[in-house]
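See below for the structure under consideration.
The values are calculated or read from the model by the stated rules, or taken from the named source; none is laboratory data. Predicted model, so just to flag it, every value in this text is computed and none were measured. A quick note on method: Cβ atoms are made from the backbone with ideal geometry, for glycine too, and the neighbour counts reach across all protein chains shown. Only protein heavy atoms, including side chains, enter the accessible area calculation; ligands, DNA and RNA are left aside. Shrake-Rupley method; radii C 1.70, N 1.55, O 1.52, S 1.80 Å.
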Amino acid sequence: MIQRIQTLYLIMTILLSVLFLTGRMIVIEKDAEVIHQGMIVPLAVTAALIALISTVSIFLYKNRKQQMKLAIILIILSSVLTAALVIYGFILTSQNGGRIRLNLSIILPFPMIITSLLSYRGIKKDEELVRSYDRLR
């Protein structure tokens with residue numbers, strides 16, 4: 001289970017989503033004064049769902065097809081999280097007339113997408129390897 005590379009990618013996805021949850025998601029400032037900062041509930045729920053699905057996917061190592069489906073869901077959820085973060089950023093800046101301060105939480109959804117893609121690729125390689133052994137028997 002742990003020796004497979006996709007498990008490490010899934011663990012990295014969990015860590016990135018938990019790190020996203022611990023920080024301030026969007027910080028809006030205007031004239032060096034912070035107007036809005038804090039957690040946005042739909043983004044927090046999506047990040048928590050990503051962590052939960054990644055954890056479940058790690059323990060489904062014997063059922064690779066189910067694990068591949070969960071990895072696809074992770075890719076979709078990570079993309080939705082990224083898009084929602086951008087949309088909320090534009091909405092909050094247009095309402096308040098400020099600008100977004102770059103912080104770690106804004107950058108974290110992009111590596112989540114990458115680690116989800118890499119975990120899917122690793123699971124798919126394992127499935128193809130098992131299928132090739134089945135053909136040889």
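List the DSSP H helices in the chain whose Cα atoms stretch 27 Å or more along the helix axis and whose mean Kyte-Doolittle hydropathy is at least 1.0. Walk me through the numbers on the way to the answer.
Values: long enough: 64-96 (47 Å, 1.11); 109-136 (41 Å, -0.25).
Span-like helices, by this rule, are 64-96.
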In the list (1) 32, 20, 18; (2) 34, 15, 11; (3) 37, 12, 11, the entry giving semi-axes √(5λ) of the Cα gyration tensor in Å computed from the coordinates is (3)
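Would you mind calculating the relative contact order of the chain from Cα pairs under 8 angstrom and at least 6 residues apart, reporting the percent as a whole number?
RCO, the chain: 37 percent.
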Expressed as a percent, the accessible surface of the chain that is carbon or sulfur, using a 1.4 Å probe and the full set of protein chains, is 67
Magnitude of the Cβ-charge dipole (Lys and Arg +1, Asp and Glu -1) of the chain about the Cα centre, nearest 20 debye, reported as 700
In Å², rounded to a whole number, the accessible area per residue of the chain with probe 1.4 Å is 59
Counting only DSSP loop positions in region 35-103, the trypsin sites (Lys or Arg not before Pro) whose Cβ has at most 14 other Cβ atoms within 10 Å are K62
